[in-house]
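Every number here is computed from the coordinates shown, using simple stated rules; none is lab data. No experiment lies behind these values; they were computed from the predicted model shown. Cβ atoms come from the backbone with ideal geometry, glycine included; neighbour counts cover every protein chain shown.
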Amino acid sequence: MLDGEHLRVIQNFVRGLPEAIPVDTVERAERFLAEQAANLRPDQLDTLAKRCALLINPDGTFSDADRARQRGFSWCGQRADGMSVGKLVASPELRANLDAWLARFAAPGMCNPDDETPCIRGEPDQEVASTDRRSHTQRQHDALNALVRSQLGNPKLGVHNGLPVTVIVSTTLKELTAGTGQAVTAGGTVLPIRDLIRMARHAYHYLAVFDEHHSRPLYLGRTRRVASPDQRVVLYAKDRGCTHPGCDAPGYWCEVHHLDDWATGGHTNADKLTLACKPHHNLTENGWKTTRLANGRTAWIPPPRLDRGQPRTNDYHHPERFFNDDSPPGGP
Ligand SMILES: [Zn+2]
């Protein structure tokens, strides 16, 4: 049995091979490395894997398809200080595009969040540029943020699940007025209230504010009547993500599920709706039932043949329950 680190070394080895290598060669090398893993540390296994890769592909030739297969961007989770590390493997095209953008918008004096009015078009003031104390990497970060922010909220982007393509945040009135604490976005990102208030100057995001004690929506930014997009905002705030036990899908990826089956007269009221990712939503077609508990949480009841007494509710999106909850984890 391989542990996670050894497994990752072998996965990276396989991923790094050109597509043209015959399958049985790859499998043989994989088996060899798995055997060696029993006696080697992960860093030793990695060195061995690199030597295997050189043996298999001595000229280091990679086709365009091999290169394209490697591309990707992902987050590595959010750290305790709120910052996130991302991993980007950029195609030559993306890098060329980014280089062109950064040359202009990561220049000293551009897109500086510390400036009263950050310069986002035209030339920055000489004085502003010469007193810009940000590092090169900080300026590149701010230029990327300016690029994305300039796009969000643009009606031309269309809608995602009936809502504008924008940041959707929920918080409580208490935290908002205190200017401290943390809000959560529908993508599952924890956002300090200070940052949220600063972002509000751009006024592109949807904001749901909740009564501390009742989780009752007090205010929905930019909305007047309760229609289905607004209900989705409420669900983002309440459920935050898929409610199926153990699922980590954030709200943006979820579908709205009727707790009482719509076909048999269920209502489209926010308190009768819940979030479920597509695969888990599909379970409701296969004998799974959902119900709302007295504490407002959604319970998932498996069909009898699959019932092993597993948890009924999902705490993954609600780590704060750890602090202020008397009920056992996973529900009744
Ligand atoms: Zn799910």
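Tabulated values for the structure
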{"read-out": "Gaussian network model of the chain, Cα within-10 Å springs - most flexible of R71, R240, R31", "value": "R31"}
{"read-out": "Charged-residue dipole, Cβ positions (Lys, Arg, Asp, Glu), the stretch 102-151 about Cα centre, Debye nearest 20", "value": "300 debye"}
{"read-out": "Difference of contour (0.36 nm per residue) and Cα-Cα distance, Q44 to H160", "value": "37.2 nm"}
{"read-out": "CD proxy at 222 nm, helix term only [per DSSP H run n ≥ 4: -39500 (n - 2.57); per residue of the chain; nearest 500]", "value": "-10500 deg cm²/dmol"}
{"read-out": "Check: the chain dipole with +1 on Lys, Arg Cβ and -1 on Asp, Glu Cβ, in debye", "value": "600 debye"}
{"read-out": "Pair E320, A107: separation of 7 Å Cα→Cβ label points (nm)", "value": "4.4 nm"}
{"read-out": "Unsatisfied cross-links (Cα-Cα over 24 Å) in the set K238/K272; K87/K174; K87/K156", "value": "K87/K174; K87/K156"}
{"read-out": "Theoretical gain in end-to-end length, T180 to Q138 [0.36 nm per residue, Cα-Cα removed]", "value": "12.7 nm"}
{"read-out": "Residue of V184, V89, V234 that the Gaussian network model of the chain assigns the largest fluctuation, springs spanning Cα pairs under 10 Å", "value": "V89"}
{"read-out": "FRET efficiency, D195 to A100 (Cβ-Cβ, R0 25 Å, nearest 0.05)", "value": "0.30"}
{"read-out": "Virtual spin-label span in nm between A80 and I56, 7 Å along Cα→Cβ", "value": "3.9 nm"}
